[in-house]
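S.K.: Dumping the structure here so I can ask a few things about it.
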């Protein structure tokens, strides 16, 4: 399979946007129309996800699926998680499984087998991984991803208020050390587009740091979460992009999929469609170069 | 439900050992007797786990179940993961779900619901959590655990060779900052035994640091992985314990559950039983105070 970064770059170019739709459905927020017709919470989530994917398919390059919201419904939830990833692929969307896994050696290998192969049970185009265990914990993910044309996004700098305590703890900030690790692990894994299969998660509320990390990681695709409902705004984001509008995808979850006014909302599909359009427009106004080519 | 640390302390006292058996089964290593009779990889893992749990039930206080080895078999694997946790409980063993989850706010809450309630789909007595996202990422786990009489073990210092890069990066080491966070989060969550529901994962190969962390975290139960197959030896471990033999549980996985000689081994049950006995004896020789009281 082609290099992950090349596939992602092509998809961003074709759709003319770096917007990524986050599929983190909360059962209590789902439209009554959907929950009323479903046999279980897990079945309602799948029905809802398929509708959102149908709406998003022509509009955005990728979806990000946060596994925690599926895991809480046990194996039935995990089954729906896998089916959601498969349906996104069928509809031509790339997928990021937001699992933030991280462990050593053989355990990390087992996780990589779960997500990064074409025949993995939860096969995704990329996953998010946690760097706390160091290089040894990341390498099995990176190697498997490179073999299979998949990608990883390493948590480098997250956007939550208390992240400084661990990630920026005086002396040389830990997130810059992790960035150096991402750079090393990504060497030799660049596609023709210049970006690597080893990317970085960089929160949208860290404007100044975004610029520093862009300079230190010129070849890493960034996954920027925390846009929309989490308080990040589009103005922090330009520094993540190159002059052709590549180099990052920007995720919005709740601000899109739960944009309608409560479970009783009538035209929830229209509300989701408009929220996608609005988010694309907002991104377009701040990021140079992202014009639809397809 | 009673405080997690009190339940764990009682269980360690009753069994007279702090040994924890790690259920991380590798399909290719399972006895042929088991795989030959099973319909699927997941079914073989469950059958094997039940046998190991039957052997371990009278011998040790707890099992640690590493989710990666189940996740790689998809939702069928996750179903077996949940059934393994349930069977351990039925047989009177405490369980640590080694999931190393970590995420912010509402996502961490969703993970906590997956693992830390009596009616959670993967209900365990404790889970391991990753601190990279800071206090905000830990608090939902800690609050839910305290409410439900469950525990969390925060990754503080892991035992793999490359862990220094992130965890001990010059200036004030990150693992000491994380330890301080564990201390703060654990305050007011101590049981009658003096230990808290908020514990710490501290690798067995970090002998000197074990002592420092014990001093800084007098009220945290330690989960010590990396004993046996991963190269940690019992001599690193005494510093984790108080003079009554409490304060830590010590996990061994492969060194016990795959101690028999290959899938064709005849008396694999006997080999597992003897490996448990041997590990208990080794721990007993280095840890004061752990004598069976039950």
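S.K.: Could you tell me the distance between the Cα centroids of region A:129-174 and region B:147-224, to the nearest Å?
M.R.: 20
S.K.: Could you grab the relative contact order for chain B? Cα pairs under 8 Å, six or more apart, rounded to a whole percent. Walk me through the intermediate numbers first.
M.R.: Numbers: 609 pairs, mean separation 67.1, N = 294.
23 percent.
S.K.: May I ask you to compute the full-extension gain from residue A:106 to residue A:2, defined as 0.36 nm times their residue separation minus their alpha-carbon distance, rounded to one decimal in nm?
M.R.: On the way: separation 104, 0.36 × 104 = 37.44 nm, distance 2.62 nm.
Length difference between fully extended and current span is 34.8 nm.
S.K.: Shape verdict for region A:42-114, please, from the Cα gyration tensor: rounded (a/c under 1.5), prolate (a/b greater than b/c) or oblate. Intermediate values should be presented prior to the final figure.
M.R.: Working: a/c = 2.64, a/b = 1.52, b/c = 1.73.
Verdict is oblate for region A:42-114.
S.K.: Another question, then. Please find, in a Gaussian network model of chain A (springs between Cα atoms separated by less than 10 Å), the residue of A:40, A:95, A:123 whose mean-square fluctuation is greatest.
M.R.: A:40
S.K.: Under a plain spin-label model, where a point goes 7 Å from the Cα along Cα-to-Cβ, how far apart in nm are residue B:14 and residue A:117?
M.R.: 4.1
S.K.: Taking the axis about which chain B rotates onto chain A, which residue of B lies nearest it as judged by Cβ position, and how many whole Å separate them?
M.R.: For the rotation taking chain B to chain A, the closest Cβ gives B:171, 1.
S.K.: Also, quick follow-up: What residue among A:127, A:104, A:276 has the largest mean-square fluctuation in a Gaussian network model of chain A, using Cα springs under 10 Å?
M.R.: Answer for the Gaussian network model of chain A: A:104.
S.K.: Which whole-angstrom value gives the distance between the alpha carbon centres of region B:252-288 and region B:72-113?
M.R.: Using only Cα atoms, the two centres lie 25 Å from each other.
S.K.: Rounded, prolate or oblate: which one fits region A:170-217, using the alpha carbon gyration tensor with axes a ≥ b ≥ c (rounded when a/c is under 1.5, else prolate when a/b beats b/c, else oblate)? Please list the in-between numbers first.
M.R.: Working: a/c = 2.64, a/b = 1.56, b/c = 1.69.
Note, shape of region A:170-217 comes out oblate.
S.K.: Need one number: % antiparallel among DSSP beta bridges in the protein assembly as shown, to the nearest 5.
M.R.: Numbers: 2 of 64 bridges.
Bridges in the protein assembly as shown are about 5 percent antiparallel.
S.K.: Go ahead and estimate [θ] at 222 nm for chain A from helices alone: -39,500 (n - 2.57) per DSSP H run with n ≥ 4, summed, over the residue count, rounded to 500. Could you put the intermediate results ahead of the total?
M.R.: Values: 12 runs with 130 residues, N = 294.
Value at 222 nm, helices only: -13500 deg cm²/dmol.
S.K.: Over region B:92-216, what is the relative contact order in percent, taking alpha-carbon pairs closer than 8 angstrom and at least six residues apart? Could the numbers behind the result be given before it?
M.R.: Numbers: 205 pairs, mean separation 27.0, N = 125.
Normalised by residue count, the contact order of region B:92-216 is 22 percent.
S.K.: To continue, here is another question. Can you put A:237, A:55, B:257 in order, fewest other beta carbons within 10 Å first? Write out the running numbers ahead of the final one.
M.R.: Values: A:237 23, A:55 19, B:257 28.
If I rank by nearby Cβ atoms, fewest first, I get A:55, A:237, B:257.
S.K.: Let me ask you something else. Under a 10 Å cutoff between Cα atoms, tell me which one of B:255, B:58, B:36 has the largest fluctuation in the Gaussian network model of chain B.
M.R.: Highest fluctuation of the listed residues: B:36.
S.K.: On a 0 to 90 degree scale, rounded to 10, what angle separates helix B:74-90 from the longest Cα axis of chain B?
M.R.: Roughly 80 degrees between the two axes.
S.K.: Shape verdict for the protein assembly as shown, please, from the Cα gyration tensor: rounded (a/c under 1.5), prolate (a/b greater than b/c) or oblate. Spell out each step's value before the answer.
M.R.: Working: a/c = 1.80, a/b = 1.57, b/c = 1.15.
Judged from the Cα gyration tensor, the protein assembly as shown comes out prolate (a/c at least 1.5, a/b above b/c).
S.K.: OK, next. Which whole number gives the average, over all residues in A:64-71, of C-beta atoms from other chains lying within 10 Å of the residue C-beta? Kindly include the intermediate steps, with their values, before the conclusion.
M.R.: Working: counts 0, 0, 4, 7, 11, 6, 4, 13.
Across the residues of A:64-71, the mean count of other-chain Cβ atoms within 10 Å is 6.
S.K.: Taking 7 Å along the Cα-to-C-beta vector as the label spot, tell me the residue A:274-residue B:211 distance in nanometres, rounded to one decimal.
M.R.: With each label placed 7 Å out from Cα toward Cβ, I get 6.8 nm.
S.K.: Arrange B:72, A:117 by Cβ neighbour counts within 10 Å, fewest through most, would you? Write out the running numbers ahead of the final one.
M.R.: On the way: B:72 21, A:117 16.
Sorted ascending by nearby Cβ count, the order is A:117, B:72.
S.K.: Compute the acute angle (0 to 90°) between the alpha-carbon long axis of helix B:174-186 and the principal axis of greatest extent of the alpha-carbon atoms of chain B; round to the nearest 10°.
M.R.: That works out to roughly 90 degrees.
S.K.: Compute the long axis of helix A:41-56 from its Cα atoms, compare it with the longest principal axis of the Cα atoms of chain A, and write down the angle in degrees, 0 to 90, nearest 10.
M.R.: 70
S.K.: While we're here: With 10 angstrom as the radius, rank A:1, B:78, A:210 by how many other C-beta atoms surround their C-beta, starting from the fewest. Display every interim value, and only then the final one.
M.R.: Details: A:1 10, B:78 28, A:210 23.
In increasing order of surrounding Cβ atoms, one gets A:1, A:210, B:78.
S.K.: Now for a separate question. Going 7 Å from Cα along the Cα-Cβ axis for the label, what nanometre distances separate residue B:143 from the same residue across the other copies?
M.R.: Once sorted, the set of distances for residue B:143 reads 4.1 nm.
S.K.: Under the definition of partner shielding as Cβ atoms of other protein chains within 10 Å of a residue Cβ, what is the mean value for peptide A:107-120?
M.R.: Values: counts 8, 2, 2, 11, 6, 2, 5, 10, 2, 0, 1, 0, 0, 3.
Neighbouring Cβ atoms belonging to other protein chains average 4 per residue here.
S.K.: Taking a spot 7 Å from the Cα of residue A:54 along the direction of its beta carbon, which residues of region A:246-270 have an amide N less than 12 Å from it?
M.R.: Label zone hits: A:269-270.
Readers should treat all values here as calculations from the given coordinates under stated rules, not as data from a laboratory. Source: prediction; values computed, not measured. Cβ atoms come from the backbone with ideal geometry, glycine included; neighbour counts cover every protein chain shown.
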